[in-house]
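Chemist: Below is one structure. I have some questions about it.
Every read-out reported here was derived from the displayed coordinates using simple, explicitly stated rules and does not represent laboratory data. What you see is a predicted model, and the numbers here were worked out from it, not measured in a lab. For neighbour counting, all protein chains shown are included, and Cβ atoms are generated from backbone atoms with ideal geometry for every residue, glycine included.
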Amino acid sequence: MGSAYRIVDEPLDIEISPRKDKFSHSEQLVCSADAKPESKYNWTNMDIGNVINGHILIVPPADGIYRFKCTADNGVGNVATSSISFTAEGSGSNQGKNTYFSACA
């Protein structure tokens, strides 16, 4: 009798795209990684520690410099992380800079 094998891989080659220094408000950043089974993602605002689930980050509405880390975890081996720093501009406001933080599943 043959044995059934399940191929599993920890998250590798994590990527945040697009990679640029400036974003307009409401633009989206996408985090992805090669993994089997598929990874679950979360974004961490590295300045205030907020964590939210999802692989898509919506750029905050307040002008300022932001630092985010994306984590990919599929429960196999090590988690993968990637970070990005960027300037958000276009609203002319700093109101809510450290409170707003949104992602999509």
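Chemist: Quick one: order E89, E10 by neighbouring beta-carbon count within 10 Å, fewest to most.
Modeler: Details: E89 15, E10 18.
Listed from fewest to most nearby Cβ atoms, that is E89, E10.
Chemist: Just rank T81, T44, fewest to most, by other beta-carbon atoms within 10 angstrom.
Modeler: So the ranking, lowest neighbour count to highest, is T81, T44.
Chemist: Can you give the extra length, in nm with one decimal, that the chain gains between N78 and S26 once fully stretched, where that is 0.36 nm per residue apart less the Cα-Cα distance?
Modeler: Taking N78 through S26 to full extension adds about 15.6 nm, to one decimal.
Chemist: Also, I was wondering about something else. Can you give the extra length, in nm with one decimal, that the chain gains between D63 and V51 once fully stretched, where that is 0.36 nm per residue apart less the Cα-Cα distance?
Modeler: Working: separation 12, 0.36 × 12 = 4.32 nm, distance 2.00 nm.
That works out to 2.3 nm of additional length.
Chemist: Sort I84, I7 so that the residue with the fewest other Cβ atoms within 10 Å of its own Cβ comes first and the one with the most comes last.
Modeler: In increasing order of surrounding Cβ atoms, one gets I7, I84.
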